[in-house]
Amino acid sequence: MTLPLIVPLETTGEEGRRRAIQELSDPLYRGREPSFLDRFIAWLDEMLGRLVMAGDGVIPGWVWALIILVVLLVLIVALIVFLRPSRSRRVGAPVHEGTVLSAADHRAASDRHEAAGEFAEAVTERLRAISVDLEERTIVSPRPGRTATELADEASSTLPGEAEALREGTRIFNDVVYGDRPATAESARTLRELDVRLAAARPANAGATTVEEERR
């Protein structure tokens with residue numbers, strides 16, 4: 001006895017769409033919202049599909065492959081540039097925003113925030129204390145709008161032994177201000193120790209200045 005040959009019926013595009021909608025309407029899928037990546041892939045697939053349909057039979061396949069590759073590369077570069085913090089953002093964090101207090105007042109505020117576990121505020125207030133202290137000791141000249149990076153560069157020229165520590169403190173401050181990294185007890189402690197070291201640091205040219213004054 002010969003079994004009848006079953007020929008699978010060809011599924012049309014409309015039928016396939018109907019089945020997909022029916023499958024996705026299952027309660028199992030309702031609780032899962034599409035992520036940003038899912039929506040991006042769906043949008044990209046739709047866009048590329050429209051391009052292929054528009055040029056079907058007109059443009060060779062290898063040309064379409066090249067166009068798709070270029071589009072993907074452009075999108076990847078755009079995402080990298082958009083998601084990566086720019087250099088201007090990283091170096092543009094002003095130390096002081098609002099009323100400038102004395103170094104002692106900024107230190108006291110930093111201590112209070114650190115004791116309360118508010119490490120982002122502790123880091124911010126501590127670098128402000130460092131900035132005011134360096135200005136009061138004429139290590140750097142007072143200048144409104146100075147950024148943390150500029151403060152570290154200017155102070156390093158007078159306190160070269162603390163240049164690396166100043167750069168580290170600046171990095172922590174910028175990361176905290178822009179939210180690239182959460183502030184921690186360790187970062188608050190690092191800024192506090194930097195403040196103590198800078199308060200005791202002596203300018204590299206202090207000895208030469210004293211000798212010149214004695215000659216006069």
- [ ] Order these peptides, 169-176, 109-116, by their mean beta-carbon neighbour count within 10 angstrom, highest first.
- [x] 169-176, 109-116
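Normalise the Cα radius of gyration of the range 128-177 by 2.2 N^0.38 Å (N = residues in it) and let me know the number.
Working it through for the range 128-177, the quotient is 1.04.
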Task: Fully extended contour minus Cα-Cα distance, from Arg197 to Thr99, at 0.36 nm per residue - done: 32.8 nm
Task: Peptide ranges 137-146, 119-128 listed from the most packed, as the mean C-beta count within 10 angstrom indicates - done: 119-128, 137-146
- [ ] Please give the FRET efficiency for Ala116 paired with Ala42, using the beta carbon to beta carbon distance and R0 = 35 Å, rounded to the nearest 0.05.
- [x] 0.15
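Read-outs: derived from the displayed coordinates by stated rules, not from any lab. Predicted model, so just to flag it, every value in this text is computed and none were measured. Backbone-built Cβ (ideal geometry, glycine too); neighbour counts: all protein chains shown.
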